[in-house]
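Some notes on the structure that comes next.
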Amino acid sequence: MTDSERPRAVVVTGLSGAGKSVVTRCFEDLGYRCVDNLPLELIPPLFAHIWAGSGPPWAVVLDVRAAEFADRFPALLQTLRSHHTGVRMVFVEAAIDDIVHRFQETRRPHPYRHLPIAEAVSR
């Protein structure tokens, strides 16, 4: 991929445990500046900053578990795409069995740990 083909900004989101951190590390290896768990209200000023300069491209990781995400994100993405060309989105997902295995392997509790893991992931 040439520099002219690289998107200026990529929004990365997806299921908890599906591999957003792995995707983010790949973008870092490609020279992207990465930021994780940015509140939705900070996205428009960040994108204005990205398009105002000539610095490196950005990958912005958003958490779908944020309370307002489902209500606000579709309109936010539409606004970003209408004001800034070159915005791409990556939604990371995985099979429930793979997500369960990843959480068991890392011994990290799933964010919805009060539920059985397979049920929590399906939410």
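Derivation of every value follows stated rules applied to the coordinates shown; laboratory data play no part. Predicted, not measured: the structure shown is a model, and the values here were computed from it. In this analysis, Cβ positions are derived from the backbone assuming ideal geometry, glycine residues included, and neighbour counts consider all displayed protein chains.
Quick rundown of the values:
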read-out	value
Boolean, T79 is among the hydroxyl-bearing types (S, T, Y), touching a residue at least 12 places away in the same chain (Cβ under 8 Å) and either outside any helix (DSSP H, G or I) or touching a strand residue (DSSP E or B) at 6+ places or on another chain (Cβ under 8 Å) (or both)	no
Any hit, the range 45-61, residues being closer than 29 Å to E119 by Cα and either in contact with a strand residue (DSSP E or B) (Cβ under 7 Å, 6 or more places away or on another chain) or in contact (Cβ under 8 Å) with a residue 60 or more places away in the chain (or both)	yes
Criterion: under 30 Å from E119 (Cα atoms), assigned to a loop (DSSP other than H, G, I, E, B) and in contact (Cβ under 8 Å) with a residue 40 or more places away in the chain - qualifying residue of V23, V10, V90, V64	V64
Flag for F73 being assigned to a helix (DSSP H, G or I), touching a strand residue (DSSP E or B) at 6+ places or on another chain (Cβ under 6 Å) and not acidic (D, E)	no
Residue that is surrounded by 12 or more Cβ atoms within 10 Å (Cβ to Cβ), closer than 16 Å to F91 by Cβ and of a type in the set (A, V, I, L, M, F, W, C), where the choices are L15, L46, L38, L30	L15
Residue match in the range 32-41 (condition: in contact with a strand residue (DSSP E or B) (Cβ under 7 Å, 6 or more places away or on another chain) and charged (D, E, K, R))	yes
